[in-house]
1. Kindly put 62, 96, 37 in sequence by how many other C-beta atoms sit within 10 Å of each C-beta, fewest to most.
2. Just the projected area, averaged over all directions, of the convex hull on the alpha carbon atoms of region 8-345: how many nm²?
3. Using the beta-carbon distance between residue 139 and residue 205 and R0 = 22 Å, what value does 1/(1 + (r/R0)^6) give for FRET efficiency, to the nearest 0.05?
4. Using per-residue counts of other Cβ atoms within 10 Å, averaged over each peptide, order 250-260, 79-89, 233-243 from highest down.
5. Between residue 279 and residue 317, what length in nm is gained on full extension when 0.36 nm per residue of separation is reduced by their alpha carbon distance?
6. Determine, for 207, 126, the number of other Cβ atoms within 10 Å of each Cβ, and report the residues in order from fewest to most.
7. Using a Förster distance of 35 angstrom, determine the FRET efficiency expected from the C-beta separation of residue 197 and residue 308, and round it to 0.05.
8. Relative to the present Cα-Cα distance, how much length would full extension add between residue 179 and residue 298 at 0.36 nm per residue of separation?
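Values in this text are rule-based calculations from the coordinates and carry no lab data. Here the structure is a predicted model, which means the values were calculated and not measured. Note that we place each Cβ from the backbone using ideal geometry, even for glycine, and neighbour counts take in every protein chain shown.
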């Protein structure tokens with residue numbers, strides 16, 4: 001059950017994501033999904049700001065983000081964004097998968113915020129807190145509208161997704177990539193069907209994602225892969241990693257970046273509860289391993305070393321130009337799950353955003 005009565009302050013001041021400034025909403029209107037969207041509930045809100053600024057102290061390689069949706073029907077058990085639903089008096093465990101906040105005015109707000117007097121053309125990252133190509137995009141088409149506005153402005157951007165719906169916009173992305181810097185990235189953590197069905201039941205089949213990587217690159221839209229998250233005891237065997245690397249190298253992935261699972265507070269409890277019910281033999285090991293959000297540095301370094309070896313081997317066999325990147329598996333406080341876009345491409349001066357209206 002969704003309750004917004006008495007939660008007006010939560011809707012008036014909603015955190016925009018890890019390290020980001022506040023985004024302000026009006027109270028939502030509710031719509032129940034029907035047909036292909038049956039089982040989902042949409043909360044329509046009007047955002048008072050759509051471009052979110054990440055503080056300078058954050059180590060991620062971008063400073064501005066857009067998230068047209070909040071919550072995600074991909075239903076990944078490990079999703080780091082789950083706790084954001086708690087800010088709205090919604091359940092991070094159950095409501096996050098089916099109650100989707102939709103910023104219905106996202107496109108018009110973006111057009112206003114990109115006005116030349118207010119904006120200096122800094123790059124914008126999408127998919128940093130919720131997937132821009134989840135099922136809701138098929139209904140609302142906000143991501144497509146956002147890309148159209150960014151294309152008009154020739155503003156550089158990146159997209160991280162698990163949603164093969166991105167291929168619907170292939171022509172638009174290819175045309176935009178000829179005007180400005182466009183980077184895309186797919187999250188493909190495993191090709192193991194049992195692990196995939198158990199841990200991310202609402203996502204497209206991982207091989208469909210591999211095919212989308214190939215289509216994007218063939219169309220001239222640079223696309224890499226986050227081999228993420230790698231789940232200890234579930235998807236971290238060498239043969240499992242090799243299957244993903246081989247498929248992605250053959251698909252022409254521009255880069256492959258391994259990321260070992262991390263469990264922030266709020267997500268840790270949800271994931272461990274799921275693990276107790278599905279793989280109780282692993283529960284104690286996870287509890288020891290994740291005393292903090294990140295797995296031990298040694299394990300992260302070992303994963304990076306293994307994947308580097310696999311990438312190099314498959315590159316030599318196929319003559320691929322795929323590169324191995326460990327940008328997002330450094331032993332640091334970097335937030336996992338962001339597309340590997342080099343800072344050097346995006347050197348525009350940063351600008352301090354104006355305060356949002358109350």
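1. 37, 62, 96
2. Quarter of the Cα hull surface area: 16.2 nm².
3. 0.55
4. 250-260, 79-89, 233-243
5. 10.0 nm
6. 207, 126
7. Efficiency computed from Cβ-Cβ geometry: 0.75.
8. Length difference between fully extended and current span is 38.6 nm.
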